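Here the structure is laid out as structure tokens; the discussion comes afterwards.
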Amino acid sequence: MTRQRTSQRRERTTSTRGGFLRGAVVLVVAGVTVAVMLAFLTPAQGSELVPSLSPSPSSALPSGASPSRATPTRQAPDGAAPDGTTASGEPAGGAASGHASGSTSEGAVQPRTPTPTVPEPVLGPQAAFFEDFTTPAASGGPFAATYANAWQAYDEGTSDKYYSGALISAHDGVMDVAMNGTQGAAGVFGPPATAWAQTGGTFSIRMKVEGGRGNGTAVMLWPTSNDASEGELDYPEGGFSGKPDVFHHSMVPGHADKAYRILTDASWKDWHTYTTVWVPGKSVSYFLDGVLLETVTESVPTTPHRYTFQIGNTGKPGHVLIDWVSIEP
């Protein structure tokens, strides 16, 4: 009996110790859970305002950078997947169109969430200017003559890089910019009277790319003055091995090479409509296939710009096919 009582006391002691241990474990787990919840519920300082300052598609992303891609909130009507590197070109006047790498710093462009006053984009034939390239025209001069009221090419040989006359033709309802690996093309959309000086409006292009790996392109609103600090809005831009993205440049003096990048999940290989809605001094909204990606209210240009297209002079043979272009002032 004595052994039995001793055994019972030991059993009770063991049970009590086990209870303490289990209680301690529960308290530790609860503490960790609360800490994790607080970490997720408490935003990092400035996390809603700090942009992804991104380099040009020709440069590597900063170490450790992994910006998420912006996607439309509903299914886009056109498809999506690409081929190359960046458009190795610069706007007329020799000003570079690159995007320097960097982290958040003075002069950074601050992104903003879309506002209720985002204008609806005016697309296609409804716009004041619309060109769908239905009249066939060969390269080497006929295209420039046929579309003199829709396309203003940079001077041949500009920067020993752009040779639009030799590369651009129209057939099957598209503007065809051929890629041969040694020549690039660049020019401005719109009639001669207004093409080089647009202040605000809706700018849209429907396009896709075939081949051209190692090359890239940029469609942009570039200052008529060629002063980069007046604002540069690039969309779409990128190498054909990547994605067509937005690069919204800073207007802070000395920081024009910095850009707020909005990434997409679109593909150069599929037809997509890229739209920029610019309200001078107020906002720039970027749309993919008519679906809003984001509205930016910092570094919004106020001076005349031109809606220009550039393609580099490197990479494999291929074609940039432009279905139509529209501009609504």
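The values are calculated or read from the model by the stated rules, or taken from the named source; none is laboratory data. Owing to the predicted nature of the structure, the values given are computational and were not obtained by experimental measurement. Note that we place each Cβ from the backbone using ideal geometry, even for glycine, and neighbour counts take in every protein chain shown. Only protein heavy atoms, including side chains, enter the accessible area calculation; ligands, DNA and RNA are left aside. Shrake-Rupley method; radii C 1.70, N 1.55, O 1.52, S 1.80 Å.
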Q) Where residues in the range 308-325 are part of a loop (DSSP other than H, G, I, E, B) and in contact with a strand residue (DSSP E or B) (Cβ under 7 Å, 6 or more places away or on another chain), which of them is least open to solvent (accessible area, probe 1.4 Å)? A) Gly312
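So if I check each of Thr217, Thr273, which one is in contact with a helix residue (DSSP H, G or I) (Cβ under 9 Å, 6 or more places away or on another chain), within 23 Å of Gly173 (Cα to Cα) and polar (S, T, N, Q)? Outline the logic, then answer.
Details: Thr217 fails: in contact with a helix residue (DSSP H, G or I) (Cβ under 9 Å, 6 or more places away or on another chain).
None of the other options fit; the residue is Thr273.
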Q: Report yes if Val219 is aliphatic (A, V, I, L, M), within 29 Å of Val284 (Cα to Cα) and in contact with a Leu (Cβ under 8 Å, 6 or more places away or on another chain), otherwise no.
A: no
Q) Checking Ala170 against (1) farther than 20 Å from Thr273 by Cα; (2) aliphatic (A, V, I, L, M); (3) in contact with a strand residue (DSSP E or B) (Cβ under 9 Å, 6 or more places away or on another chain), which test does it fail? A) (1)
Q: Tell me, please, whether a residue that is within 23 Å of Gly165 (Cβ to Cβ) and out of contact with any helix residue (DSSP H, G or I) (no Cβ under 6 Å at 6 or more places or on another chain) can be found in the range 286-306.
A: yes
